[in-house]
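K.L.:
Take this structure, written in structure tokens, and hold onto it; I'll ask about it next.
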Amino acid sequence: MTIGDITPKKERKSRRSKHVVDDTAPLLPKRQDEDAGYDEFNGASFTGAVFNLSTTIVGAGIMALPATMKVLGLILGIAMIIFMAFLTDASIEFLLRFSRAGKTTSYGSLMGDAFGKYGRIFLQICVLVNNIGVLIVYMIIIGDVLSGTSSSGVHHAGVLEGWFGEHWWNGRTFVLIVTTLGIFSPLACFKRIDSLRFTSALSVALAVVFLVITVGIAIIKLISGTIMMPRLLPDVTDLTSFWRLFTVVPVLVTAYICHYNVHSIDNELEDSTQIKPVVRMALALCSTVYIMTSFFGFLLFGDSTLDDVLANFDTDLGIPYGSLLNDAVRVSYAAHLMLVFPIVFYPLRLNMDGLLFPSARPLALSNTRFTFTTVGLITLIFLGANFIPSIWDAFQFTGATAAVCLGFIFPAAVTLR
């Protein structure tokens, strides 16, 4: 399956004026000549595009960022977050500039234009590896939050275990089955990314709720004098601790990967000249959330910060209503990840179908392929979440392989080409 390529606009134009040029682009679920129903959609708004791109960026990576502060220290850690934001903006700028020059409107067709068939296939494989890894991390975190985790050697109770005690129905596997069937599967059935704008807005709001509560807890503990001064610089005492600094790079890379959704969001904008402001607004919003989460998360837990900082919120915070706030933090972010899932799943499904059925008609027009691809991918992600023990392991793999290719190597290669 491939999705029709759309000619980019040099002037401010309505999405209705876009027409099909090519059958080889993998990321746009629209063919006007075959599916008139899409003509009723007049284009996505600026706000909806910002929410969708922000939701793509702010996923599970935020939960591992406080642990990067533990490795790098606050000063170097925050500097790296800001640096990665500027680097991401530059790489997306390269993609958009050469997409306009080559009259392509998908990442896949851009790679195909620059490097031929095998360039497009390599991109699709990287999207599959990256997005499957990221979605597995989402499921792992949701399982940690609701059912608890023992990946660090110490058991941290989940929300359901804390509320009701340990039972078969709040075990990790059963909770993930219910979450997959009741939430992930219905949300994954939308065929147009703009249909997820409301869930994206809600997911961003839930991330802000998580952030506000975390900041509030940290401020209360600062006032009461129960927080020690956090480490500002990395603790490098030998060669092993020096090499450990580089383990944060895949996490920082993964935290900003959204390149695979930029063209899809651009193609659905009513005014595609807005895509650069959309990207910069989303990056500014996400960087602010990242910095505040990293700072206050590390401030709260110091060198006891776990790879998944949500797992730290099962201890006595030493403040009034601490238990209630713990649960609010964990539940709000678990709900956020549930709503982020379909945004990341959307390009995953399109690229899988494009890889398996490159000459077939658009996926949105084939309910059979759409259903089987969706079910197969969700099953694979579910199995991965039950067998991979830690989000740090998943981040190390995807961040050091597919994510760095999607975010930085491919845009640079296209530019040099």
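The values are calculated or read from the model by the stated rules, or taken from the named source; none is laboratory data. Keep in mind the model is a prediction, meaning the values are calculated, not measured. Cβ atoms come from the backbone with ideal geometry, glycine included; neighbour counts cover every protein chain shown. We work out accessible area using only protein heavy atoms, side chains counted, and drop any ligands, DNA or RNA first. Shrake-Rupley method; radii C 1.70, N 1.55, O 1.52, S 1.80 Å.
K.L.:
Provide the solvent-accessible area of W163, counting protein heavy atoms only and rolling a 1.4 Å probe, rounded to the nearest 10 Å².
P.N.:
For W163, the solvent-accessible surface is approximately 140 Å².
K.L.:
Compare G148, G158, G171 in a GNM of the chain, Cα atoms joined below 10 Å, and give the one with the largest fluctuation.
P.N.:
Result: G171 has the largest fluctuation of those listed.
K.L.:
Moving on to the next point. Among the lysines in the chain, how many pairs, 8 or more places apart or on different chains, have alpha carbons under 22 Å apart?
P.N.:
Going through the chain pair by pair, I get 21.
K.L.:
Let me ask another. Which value at 222 nm does the chain reach when only helices count, each DSSP H run of 4 or more adding -39,500 (n - 2.57), with the total divided by all residues and rounded to the nearest 500 deg cm²/dmol?
P.N.:
-21000 deg cm²/dmol
K.L.:
Using only Cα atoms and rounding to the nearest 10 degrees, what angle (0 to 90) does helix 46-57 make with the longest principal axis of the chain?
P.N.:
Once rounded, one gets 60 degrees.
K.L.:
Mean separation of Cα pairs under 8 Å and 6+ residues apart, divided by the residue count of the chain: what relative contact order is that in percent?
P.N.:
Reported relative contact order: 37 percent.
K.L.:
Also: What Kirkwood radius, in Å to one decimal, follows from the Cα pairs of segment 214-346?
P.N.:
One over the average 1/r among Cα pairs gives 17.8 Å for segment 214-346.
K.L.:
For the charge dipole of the chain, defined by +1 on Lys and Arg C-beta atoms and -1 on Asp and Glu C-beta atoms about the Cα centroid, which residue among V414, I265, T368 has the Cα displaced farthest towards the positive pole?
P.N.:
Among V414, I265, T368, the one farthest towards the positive end of the dipole of the chain is V414.
K.L.:
About its Cα centre, what dipole magnitude does the chain give when the only charges are +1 on Lys and Arg Cβ and -1 on Asp and Glu Cβ, stated in debye to the nearest 20?
P.N.:
Value, rounded to 20: 1120 debye.
K.L.:
Once the Cα atoms of segment 207-256 are picked out, what are the Rg and Dmax in Å?
P.N.:
According to the Cα coordinates of segment 207-256, Rg and Dmax are 15.7, 40 Å.
K.L.:
Just order 294-306, 222-234, 172-184, 127-139 by mean Cβ neighbour count inside 10 Å, highest at the front, would you?
P.N.:
Going by the mean number of other Cβ atoms within 10 Å, highest first, we get 127-139, 294-306, 172-184, 222-234.
K.L.:
Starting from the 7 Å offset along Cα-to-Cβ, what nm value, one decimal, do you get for the label separation of K117 and T415?
P.N.:
3.1 nm
K.L.:
Moving on. Can you check how the C-alpha radius of gyration of the chain compares to 2.2 N^0.38 Å, as a plain ratio?
P.N.:
So the chain has a normalised radius of gyration of 0.98.
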